[in-house]
Amino acid sequence: MAHFEKATGMRDWLNQRLAIDKVEKVMASEYWIPKNINFLWAMGMVLAITFALLLVSGIFLLMYYQPNVETAFDSVNYTIMQEVEFGWLWRHVHAVAASVVFLIIYIHMLTGIYYGSYKKGREMIWISGMLLFVTFSAEAFSGYMLPWGQMSYWAGMVITNLFAAGSLELNGVVEWIRGDYVPGQAFLGRFFMLHVLLLPLAIIALIGIHFAALRIPHVNNQDGEEFDFDVESKKYLAGKKKESKVIRFANDFMSKDMFVVSIFLMFFFYLVFWQYGFAMDPVNFDPADGLVTPAHIYPEWYFLWSYEILRPFSRDVGLIAFAFAQVIFFALPFLDRSPNVAAANRRGIAFALWFWLMVIDLIVLTAMGKLPPEGIFNDIGLYAALGFFVLWIALPIITKFEKKL
C-alpha cells in the first residue's frame, strides 16, 4: 500500500510539472483513429520499428568501426564480421534494415497517393513525410560510404560530381563537399559524422513533426470518409463502441499495428539470417581503389529509379531531369486538382490509370537502372524516363476534370 501511495504521489508530482496524463490522452488514449482502415496504415509503425533496429544495430557497429581510409574496410569486413562475437549479426541487421526501410517507405508513399492522404488539410503530413524520405535517402547514402569498398568509393565519386551542375562546372563546390579533389579521409570523416549524428537527429525531429502534422487533421481512411471526431469519440466513451466510427490509438489501433509489426519482423529476420546477401553489393567487398573503376557503377536499388532518369540524357538535361524527379513528389498535393478525397478506384478510371502507370514506370526505371546502359536497355530507360515526366504533366489536367463524388 505504501508503495502504491508513493507511486501515486510521484505521478501527481510529474503531472504538475509535465502534464503527463494530458499528453497521454492527447497522443494516445484519446487520439482517435477511423475504424475503416486496413493494414497498410500500420506501415508508419513498421517504419518506426525499422528505424529503431537501425539505431540499435548502428550503435553496436559504431563501437568497432574505424572512420579512417586505411582501416575502415578491415574494421567492417574483418574485425566486425570475424573477430567480434555476433558482429556479423549486427551488420546483417543494419544492412537488411537499411534496404527494407525503403521498401516500407515506398509502400507508405504509394498508399498515401492511392488513398489521397495528401489532400484537404493534410498537405503538411505529405510534405513532412517527403522531407523524411529525403533525409532517409541522405542517411542511406552517407552510410553506404562507410565500408570504404569499391562501390562505396565510386558511388561517392559519381554522386558528388552531380554538384558540379553539368556545364556550369562548379568543381569548387564538389571539392568543398569532398574536402579534397577525390574522396579521401576528409570525405569519409564528413560522411561518418553526417551518418552517425546529424542525419539521425534530423530524422528523429522530422518524425516528431510528421506525427504532429498527422495529429491535427486526423488520419485518412480507405473510404475517404469525413466525419466528426468529437461526436464519434463521445459515442465511444459512452460505451457505444459498435456505433462509433473511431477507435483509440492506444491500445485499440496499436494492437493492430503490433500484429502487422510481428508479421514484418518474421519476414525481416528471415532476410537477416538467410537472404542478407541482397543488401550487400559483391563489388563492395573489394577495398576502395581510386585507380580501378568498376565496369558498371550503380547505386543501391532504392535509388535506381531516379538514377535511371538521369542516365539516358545529356549531362545538363540529365541533371535537370534528376532534379525534377527529386522535387516533384513534394508538389503532389497542389498538382492533384480533384475535389475528391477517396481511393483511386473510386475516383474514376483516369486517376486509377495514372496511379498504376506511375507504379509500373517506377518499377521499370528501377530495373533498367541496374542494367548497363546499352542496346535495348538504354531505349527502355529513355522511354520510361520520358513517361515519368508525361505522367506528372498530365496529373493536373486529368484531375481538374474529375467529377465530385
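The values are calculated or read from the model by the stated rules, or taken from the named source; none is laboratory data. Here the structure is a predicted model, which is why all the values come from computation and not from measurement. Here the Cβ positions follow ideal geometry from the backbone for every residue, glycine too, while neighbour counts run over all protein chains shown.
Structure data summary
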{"quantity": "Pairs where the first residue, in the range 186-204, is closer than 21 Å to residue 95 by Cβ and not assigned by TED's automatic domain parsing to the domain that holds residue 176 and the second is assigned to a helix (DSSP H, G or I) and at pLDDT 95 or above, C-beta under 6 Å, 6+ apart", "calculated": "none"}
{"quantity": "Pairs where the first residue, in the range 157-168, is within 13 Å of residue 299 (Cα to Cα) and the second is of a type in the set (A, V, I, L, M), C-beta under 8 Å, 6+ apart", "calculated": "157/182; 158/297; 160/174; 160/177"}
{"quantity": "Filtered residues of the range 366-400 (kept if in a loop (DSSP other than H, G, I, E, B) and touching a helix residue (DSSP H, G or I) at 6+ places or on another chain (Cβ under 8 Å))", "calculated": "371, 373"}
{"quantity": "Residue count for the range 10-51, restricted to those that are in contact with a strand residue (DSSP E or B) (Cβ under 9 Å, 6 or more places away or on another chain) and not in a helix (DSSP H, G or I)", "calculated": "6"}
{"quantity": "Among (1) without any contact (Cβ under 8 Å) to a residue 40 or more places away in the chain; (2) within 30 Å of residue 346 (Cβ to Cβ), the one test that residue 44 misses", "calculated": "(1)"}
{"quantity": "Conditions (1) of a type in the set (A, V, I, L, M, F, W, C); (2) in the same structural domain as residue 249 (by TED's automatic domain parsing); (3) loosely packed, with under 14 Cβ neighbours inside 10 Å; number of the one not met by residue 42", "calculated": "(3)"}
{"quantity": "Checklist (1) of a type in the set (A, V, I, L, M, F, W, C); (2) at pLDDT 85 or above; (3) assigned to a helix (DSSP H, G or I) applied to residue 4, failing item", "calculated": "(2)"}
{"quantity": "Close pairs from the range 58-79: first in contact (Cβ under 8 Å) with a residue 12 or more places away in the chain, partner basic (Lys, Arg), Cβ under 8 Å, at least 6 apart", "calculated": "61/91; 76/91"}
{"quantity": "Only listed residue being loosely packed, with under 12 Cβ neighbours inside 10 Å, under 30 Å from residue 263 (Cβ atoms) and not aliphatic (A, V, I, L, M), chosen from 60, 86", "calculated": "86"}
{"quantity": "Tally of residues being surrounded by fewer than 12 Cβ atoms within 10 Å (Cβ to Cβ) and more than 15 Å from residue 157 (Cβ to Cβ) across the range 279-294", "calculated": "1"}
{"quantity": "Tally of residues being part of a loop (DSSP other than H, G, I, E, B) and charged (D, E, K, R) across the range 227-245", "calculated": "6"}
{"quantity": "Search result, residues across the range 25-41 that are free of Cβ contacts under 8 Å to residues at least 60 places away in the same chain and of a type in the set (Phe, Trp, Tyr)", "calculated": "none"}
{"quantity": "Residues satisfying the stated conditions in the range 60-70, i.e. assigned to a helix (DSSP H, G or I) and in contact with a Phe, Trp or Tyr (Cβ under 9 Å, 6 or more places away or on another chain)", "calculated": "60, 61"}
{"quantity": "Which listed residue, of 213, 250, is aliphatic (A, V, I, L, M), part of a helix (DSSP H, G or I) and under 19 Å from residue 115 (Cα atoms)", "calculated": "213"}
{"quantity": "Residue match in the range 146-155 (condition: touching a His at 6+ places or on another chain (Cβ under 9 Å) and not acidic (Asp, Glu))", "calculated": "yes"}
{"quantity": "Unmet requirement for residue 183, which otherwise passes all of (1) in contact with a Lys or Arg (Cβ under 7 Å, 6 or more places away or on another chain); (2) under 30 Å from residue 153 (Cβ atoms); (3) assigned to a loop (DSSP other than H, G, I, E, B)", "calculated": "(1)"}
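Residue by residue, here is whether (1) touching a helix residue (DSSP H, G or I) at 6+ places or on another chain (Cβ under 7 Å); (2) outside any helix (DSSP H, G or I); (3) surrounded by fewer than 21 Cβ atoms within 10 Å (Cβ to Cβ); (4) not polar (S, T, N, Q) holds:
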residue	(1), (2), (3), (4)
124	yes, no, yes, yes
152	yes, no, no, no
155	yes, no, no, yes
188	yes, no, no, yes
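Each row is one residue, and each column tells you yes or no for (1) at pLDDT below 95; (2) of a type in the set (Asp, Glu); (3) within 24 Å of residue 188 (Cα to Cα).
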residue: 28; (1), (2), (3): yes, no, no
residue: 36; (1), (2), (3): yes, no, no
residue: 45; (1), (2), (3): yes, no, no
residue: 59; (1), (2), (3): no, no, yes
residue: 68; (1), (2), (3): no, no, yes
residue: 79; (1), (2), (3): no, no, yes
residue: 83; (1), (2), (3): no, yes, yes
residue: 99; (1), (2), (3): no, no, yes
residue: 104; (1), (2), (3): no, no, no
